[in-house]
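Accompanying notes for the structure given below.
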Amino acid sequence: MIDVQNITKRYGHHTAIDRVTFSVAKGEVLAFLGPNGAGKTTTMRILTCFMPATEGSARVAGYDCTDQPLEVKRQIGYLPETPPVYQELTVTEYLTFVGRLRGITGPKLTSALDQSVGRLELGSVRHRLIGNLSRGYRQRVGLAQALLHDPPVLILDEPTVGLDPKQIIEIRELIKSLAGSHSVILSTHILPEATAVCQRVVILNKGRIVAEDTPEQLSARLRQSEKISITLKTCPADCEMKLRAISGILNVLPGQAGGTFLIECELGHDLRDEIARVVVSNQWGLLELRAVSMTLEDVFLQLTRHEDHLSEPAEAMVSTASTERMDT
Amino acid sequence: MTPVQAVIAKELRGYFVSPIIYVVGAVFLLIFGLLSYLYVGFAGAQAIQLMQMQGGMAQINLNDLVFRNLFASMRIVLLLILPILTMRLFAEERKLRTFEFLMTSPIRINEIVIAKFVSVFLVYLGLLGLTVLVPTVLMLFSDFDWNPIWTGYLGMVLLGALFLSVGVFASALTENQIVAAFVSFGMLLTIWLISGLGSLFGDTPAGRIISYVSFMEHYERLVRGLIDTSDLVYFGSGLALMLFLTHRVVESTRWK
């Protein structure tokens with residue numbers, strides 16, 4: 001549905017995005033993750049034909065963003081960073097304007113409007129001026145605008161900003177319900193959001209794609225070692241040494257609380273039963289033993305912090321990212 | 001309703017829900033009425049003088065004494081008032097970030113520019129329509145020729161269209177409405193003063209070309225009651241040029 005090949009955007013000497021390549025299948029939900037200034041919004045603006053790319057090509061639903069912008073715009077529902085609402089209009093007037101702008105008229109417009117208002121629960125504020133609505137409502141009006149013409153492609157720039165926790169969950173459910181029939185790209189810096197809503201995550205940093213995969217595989221791939229956390233009731237001086245003696249253990253780090261240790265083992269070796277046996281036989285009193293899994297948050301920080309290692313072309317990182325490369 | 005009509009309708013609504021149109025409209029009509037009153041007053045004073053000199057009833061020419069002066073004075077009024085009407089058109093969209101929405105909607109840039117211009121032009125025509133009240137009232141008390149009045153109105157329509165297109169262009173340059181208004185004042189005053197430069201050169205080819213660029217002589221001919229094709233061409237091409245430049249400016253914001 002969306003096919004982006006090597007797009008680069010430069011503002012003078014500043015390169016906002018650098019050879020970004022990705023694609024979104026029909027019905028897929030993709031998240032752009034990245035710190036501020038990573039190029040998420042720029043990429044979205046290129047896809048929505050707001051600005052042209054300096055190099056490379058972007059296609060949406062088979063139409064080229066440079067050559068057939070009007071066709072592309074018809075296929076897209078776009079929610080920019082700031083909800084694009086006219087304060088002097090009421091919700092109904094605004095959505096009617098949006099519909100007419102997209103060539104929907106008559107009874108079709110009425111039903112599209114009702115559906116969109118219903119989906120985002122705007123019924124109670126339909127006839128109020130947008131200028132008098134709260135930030136959360138404006139955001140929802142912005143989303144209603146993007147969904148109004150039921151476009152096959154949705155591009156949502158931080159769709160849950162400004163919403164309260166209950167609304168965030170509702171919007172996430174809404175986006176999930178759109179998957180399958182719509183292709184969705186959303187940007188966020190709330191990591192659990194990406195895990196909750198998206199099938200695939202693209203992590204951008206300084207204009208480059210540093211990783212692209214499902215949230216689960218991303219965290220799995222970036223684990224250099226299995227990590228196990230244990231808490232002991234008593235820990236004599238030699239316990240650290242005895243733990244190190246177990247074959248396959250790479251490192252034992254004392255934790256912050258007394259009696260807590262973080263044990264690193266070789267990848268693919270689950271040594272939990274071995275560790276438990278050693279602890280029990282030495283009568284140290286095992287209070288807790290658990291495998292530590294890497295959250296998307298850790299992945300994100302790891303990928304965006306070690307900038308020196310990310311200077312190689314982004315594609316290489318994505319396709320052959322090996323654990324050693326991520327380390328060092 | 002086509003997208004262009006939708007934008008026009010939305011802009012018109014934008015004008016009538018904001019206080020600007022009411023303030024600007026009131027000031028415009030007040031000044032028009034005040035000027036009319038003053039010129040009619042002067043004409044009356046002259047008529048009394050004539051009566052004392054010649055005795056009996058003197059027929060005064062309202063066309064010459066009132067309307068020509070009134071229409072000539074309207075140049076400065078339009079110059080001061082129209083930029084206030086146009087300043088919001090693009091600047092506000094950019095400030096409120098709705099510009100991006102408009103640019104990612106399935107509507108061409110030239111359609112947006114034309115829709116915005118047409119909306120403010122309709123507002124202006126509405127204001128101008130209200131001023132016809134003045135000659136209508138005067139008609140009840142005096143006899144005058146309506147033809148130069150219609151050409152005067154044609155002049156105000158054309159001059160207004162040109163001023164508005166300059167204002168639309170200025171509004172596209174910035175996201176600050178005050179800056180937009182000020183840039184259009186500056187541009188319009190410059191075009192005005194160019195006629196002075198033209199008269200410095202006198203009746204030379206250079207002088208004639210420079211004078212042609214200013215709207216002064218074109219508007220004056222219409223106010224006098226002359227419809228000359230070259231004047232219509234001047235206003236038409238000026239309008240087209242300004243709208244074309246607006247299109248280029250709006251287009252170029254995509255590349256920044």
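When residue A:51 is tested against the conditions (1) within 30 Å of residue A:303 (Cα to Cα); (2) touching a strand residue (DSSP E or B) at 6+ places or on another chain (Cβ under 7 Å), the lone failure is (2). Yes or no: residue A:96 part of a helix (DSSP H, G or I), on the phi < 0 side of the Ramachandran plot and facing chain B (nearest Cβ under 10 Å)? Here the answer is yes, as residue A:96 does meet what is asked. Given the range A:1-58, what strands (runs of 3 or more DSSP E) lie entirely inside it while holding 2 or more residues that are within 14 Å of chain B (Cβ to nearest Cβ) and over 26 Å from residue B:102 (Cβ atoms)? Filter on the range A:1-58 gives an empty set. The listed residues are B:29, B:12, B:35, and the only one of them that is aliphatic (A, V, I, L, M), touching a Leu at 6+ places or on another chain (Cβ under 8 Å), within 14 Å of another protein chain (Cβ to nearest Cβ) and in a helix (DSSP H, G or I) turns out to be B:12. Within the range B:201-247, the residues that satisfy the criterion of being part of a helix (DSSP H, G or I) and loosely packed, with under 13 Cβ neighbours inside 10 Å are B:205, B:206, B:209, B:229, B:230, B:233, B:237, B:240.
Considering the range A:162-196 alone, what residues qualify as being in a loop (DSSP other than H, G, I, E, B) and closer than 15 Å to residue A:120 by Cα? Spell out how you get there, then give the answer.
Start the filter on the range A:162-196 by keeping residues that are in a loop (DSSP other than H, G, I, E, B), which leaves A:162-164, A:180-181, A:189-190.
Across the range A:162-196, the qualifying residues are A:162, A:163, A:164.
Could you tell me whether any residue of the range A:120-127 is of a type outside the set (D, E, K, R) and under 26 Å from residue A:28 (Cα atoms)? Checking the range A:120-127: at least one residue is of a type outside the set (D, E, K, R) and under 26 Å from residue A:28 (Cα atoms). Restricting attention to the range A:138-195, the residues being in contact with a Phe, Trp or Tyr (Cβ under 8 Å, 6 or more places away or on another chain) and farther than 22 Å from residue A:59 by Cα number 4. Looking across the range A:150-190, the residues that are surrounded by fewer than 16 Cβ atoms within 10 Å (Cβ to Cβ) and among the hydroxyl-bearing types (Ser, Thr, Tyr) come down to A:177, A:181.
Only residues that are out of contact with any Cys (no Cβ under 9 Å at 6 or more places or on another chain) and either among the hydroxyl-bearing types (Ser, Thr, Tyr) or not assigned by TED's automatic domain parsing to the domain that holds residue A:193 (or both) were counted across the range A:6-51, and they come to 8. Scanning the range A:232-281 for residues that are more than 34 Å from the chain's Cα centre (by Cα) and under 14 Å from residue A:292 (Cβ atoms) turns up just one, A:275. Determine whether the range A:104-113 contains at least one residue that is at the interface with another protein chain (Cβ under 10 Å from one of its Cβ atoms), part of a helix (DSSP H, G or I) and surrounded by fewer than 22 Cβ atoms within 10 Å (Cβ to Cβ). Yes, that holds for at least one residue.
The values are calculated or read from the model by the stated rules, or taken from the named source; none is laboratory data. On a predicted model such as this, the values are computed, not experimentally measured, just so you know. In this analysis, Cβ positions are derived from the backbone assuming ideal geometry, glycine residues included, and neighbour counts consider all displayed protein chains.
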